[in-house]
1. If we keep just the residues of segment B:427-437 that are within 8 Å of chain A (Cβ to nearest Cβ) and open to solvent by 10 Å² or more (accessible area, probe 1.4 Å), which is farthest from B:V209 (Cα to Cα)?
2. Of the residues that make up segment B:368-377, is at least one in a helix (DSSP H, G or I) and surrounded by 15 or more Cβ atoms within 10 Å (Cβ to Cβ)?
3. Take the residues of segment A:112-152 that are within 14 Å of chain B (Cβ to nearest Cβ) and among the hydroxyl-bearing types (S, T, Y): which is surrounded by the most Cβ atoms within 10 Å (Cβ to Cβ)?
4. Here is a list: A:A4, A:A15. Which entry is at pLDDT below 95 and open to solvent by 70 Å² or more (accessible area, probe 1.4 Å)?
5. Of the residues that make up segment A:303-322, is at least one part of a strand (DSSP E or B), within 24 Å of A:S405 (Cα to Cα), open to solvent by less than 50 Å² (accessible area, probe 1.4 Å) and touching a residue at least 60 places away in the same chain (Cβ under 8 Å)?
6. Just give me the residues in segment B:166-199 being within 9 Å of another protein chain (Cβ to nearest Cβ), more than 19 Å from A:S419 (Cβ to Cβ) and not polar (S, T, N, Q), in sequence order.
7. Taking B:E188, is it over 19 Å from A:I201 (Cβ atoms) and of a type in the set (D, E)?
8. Mind checking whether some residue in segment B:299-319 is acidic (D, E), within 14 Å of another protein chain (Cβ to nearest Cβ) and under 30 Å from A:L106 (Cα atoms)?
There are 2 protein chains.
Amino acid sequence: MSTAALPADFLRAIAESFPADFLTREPAELQEYGRDWTRVYAPAPGAVVFPRTTEEVARFVALCHQHRVAVVPSGGRTGLAGGAVAMRGEVVLSLKRMTRMEPVDLLGNTVRVQAGAVTEGVHQHCAPHGLTWPVDFASKGSSTVGGNIATNAGGVKVIRYGLTRQWVLGLQVVTAQGQVLELNGALEKNNTGADLRQLFIGSEGTLGVITEATLKLTRLPGKQDVFLFAVPDVAAVLRLFRDARQAPLVLSAYEFFTDKCLARVQRHRKLRSPFEAPSGCYVLLESEGGDPAAVEAWLGSLFERGLVTDGTQAQGAAQAQELWSLRESISESLSATGVLHKNDISLPVANLEAFCAELDAVFASRYPGWEICLFGHIGDGNLHVNVMKPDAVEKADFFAHAKQSDHAMFDLVRKHGGSISAEHGIGLLKKDYLDYTRAPGELELLRTLKRALDPAGILNPGKILDA
Amino acid sequence: MSTAALPADFLRAIAESFPADFLTREPAELQEYGRDWTRVYAPAPGAVVFPRTTEEVARFVALCHQHRVAVVPSGGRTGLAGGAVAMRGEVVLSLKRMTRMEPVDLLGNTVRVQAGAVTEGVHQHCAPHGLTWPVDFASKGSSTVGGNIATNAGGVKVIRYGLTRQWVLGLQVVTAQGQVLELNGALEKNNTGADLRQLFIGSEGTLGVITEATLKLTRLPGKQDVFLFAVPDVAAVLRLFRDARQAPLVLSAYEFFTDKCLARVQRHRKLRSPFEAPSGCYVLLESEGGDPAAVEAWLGSLFERGLVTDGTQAQGAAQAQELWSLRESISESLSATGVLHKNDISLPVANLEAFCAELDAVFASRYPGWEICLFGHIGDGNLHVNVMKPDAVEKADFFAHAKQSDHAMFDLVRKHGGSISAEHGIGLLKKDYLDYTRAPGELELLRTLKRALDPAGILNPGKILDA
């Protein structure tokens, strides 16, 4: 579908019944709103619209339904799987003007916000009350509540708080027919048949458009301790994890990265490793609470029991930030120091060790001598696998080869009961690989749901799966 | 449909391809397996079957699909809304023989069990490892994992741990066509399209039959403190709740009951109130952790600030159990000392005070002089509302009147954004009231889902809604 393909009577109806600034076809705006952070697809939307209210969204979607115009719902466009890309003349439905936040409900510990509210803005709105919406990741300054919910966003605190799904009490959704549904209000408990909220959380805009949400809040964490440990390999990362889960503290993060990641962070960000000797792997552990003497004793025992080879604890907030920087700079440092092919996979934690060992063999045969940078939220079974392009290989060859080689890795993912997308979603980028994680019966059921909720196929068509 | 209506060729197929003890039509067993704890419907199933494996369940459901025989999935039959009742010649599919539990996975903190495993059995299976499945309520000695998941069970620890939904990693489901789906394996993170597990959790056996689950476990709680406070009224219960949520401790239960509940518990169980003077309401607060000095200071401040009129802290496990007994004996004591009409509703916590005030007016006009016993998990917005039959009123009149009067209460529930069933579900008992909580668009979507997943309408027909 090209830009010219938007029906004239559809555009006329828009012009007649919406404000003048509702729709744009400015080339620069089409470029900007047609893509997300994935950056591998050429944007080509037919138009972009900017509603201010749910009523406008509903009226607009009803019009799209009537004229069979494809709609791409769009939040902060920080997605990494192309879920918000419009490359076939679709109309981008941007929620950017819908940023209203209601006052925090201090009895229910909830807040009602429009879908376009920015994640960090919600944090700032709630913090003065000692509360937070514990959905937290690097793109929080741009990502929106609607986008987070539509992608069931993860991040660095999942081990403590779970995924976004867990922090949504109520959802206002516009259906593919332009009907407004208010799902679950502000209720903690409501066992009255299937929980319809759940259908829309994580559906990447293919089943409905999220316009507002009542968010569940929790107390801001108390004092947190941040540690960095050096361990020889992934097996040791997992041994330490098992031990830490039984330790006298509450884990709020358990992140790992390899020496290759750290080397690139040091090169790009000029950061210093806190350790003198290099090590195969590093673990960033953040914890909250626990009796100080008991925590101290546990820490001391880690060396005695050979669970870590080196370790450091941040003294104060500045040092804690320094340790976190080592972990949080990885993504940026890999991109800045080379060309890479990314994957975001997950495994049952119990299968991680066997998986990683077998993955080494795949890497050795598929990418002989290539540099592999592994890091991730390993406490959730989530690995970010990054293959770096060797200087001697052409870019096009590299990507063709890497994409081809994904099949070998995904075979292993399937064998070990894992997922080809832990937190980034499927969008366009992983669509062709979906059957590595979803059995034929599941794919059939996903299609059944799509047909039942969006029979005309106007909502984010071609994302997750083809109808 | 009567017993005789089971097709002869269906029964013949069962006899030919399943073990001899697979199906029973013994009158005593039909009586036993045709009902749940609701006890207001006369059981009349056509047969009961007892599969031992998922393969048998799948083969059996496929046969039912082929012959258009209605199936009622059945666990511990502790439900309170008639969800497991078979009163129209259906075949009860009992999971009671499917009780296998695999060894606890100590790295992933998970355990895989069959649907017929009893809740308390799972607790006992996990406890030696310092782990628990934090789904906990009075019927844990009979309720099963499959039933808990199919009803998204609540209980007394929801404020700390959330509903059952949150503690299910993977689900094995047999569809209405007899197909086996393995949903999500043992993955914490898996963003690959709509989360199909969620469809089946809380669907009361109307969309699929749950046969196995991978449960997410958590550490057994540490030392817990149990307090009982006396406060004058519901408004004071909520003021204390707001304060307690900001207190230097972790709430693991916040339960309330009125003086009328306590009086009946004292009468029936011969338990003593720990307080000399009676009070309008009581709060049972259980907490974990917190700096002892800070907790002490907070407790002291409750009296100074007028948040409580009396209070006691359990000294040791025996006293903690005594305080808990006051709360946990309510249901039994109400039934033992009178005839009652129950409701299990929820409201946004922020609306509870206004709701309760307006409810008083409804009670005064609808039940002049009748005794109302209120208790519940008020920290989750969940109220159990019990109307006691006055001696002078005939039983039949009482129930007719109470059922009729529910409409007035549910009008208020709707007005305040509440739910007519917080945790018990809809089943048969609340079906006629579903539209107080679900808008027409939601009901339509629930029907769309039912038709999409069970087009022949064989799974628990007539439960939640009529097709």
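1. If we take residues in segment B:427-437 being within 8 Å of chain A (Cβ to nearest Cβ) and open to solvent by 10 Å² or more (accessible area, probe 1.4 Å), then B:T437 is farthest from B:V209 (Cα to Cα).
2. No, segment B:368-377 has no match at all.
3. Checking each candidate, the answer is A:T151.
4. A:A4
5. No.
6. Passing the criteria: only B:V180.
7. When the stated conditions are applied, B:E188 does not pass them.
8. no
The values are calculated or read from the model by the stated rules, or taken from the named source; none is laboratory data. Just so you know, these numbers come straight off a predicted model, no measurement behind them. Please note: Cβ atoms are built from the backbone with ideal geometry, for glycine as well, and neighbour counts cover all protein chains shown. These accessible areas exclude ligands, DNA and RNA; they are computed on the full protein's heavy atoms, side chains included. Shrake-Rupley method; radii C 1.70, N 1.55, O 1.52, S 1.80 Å.
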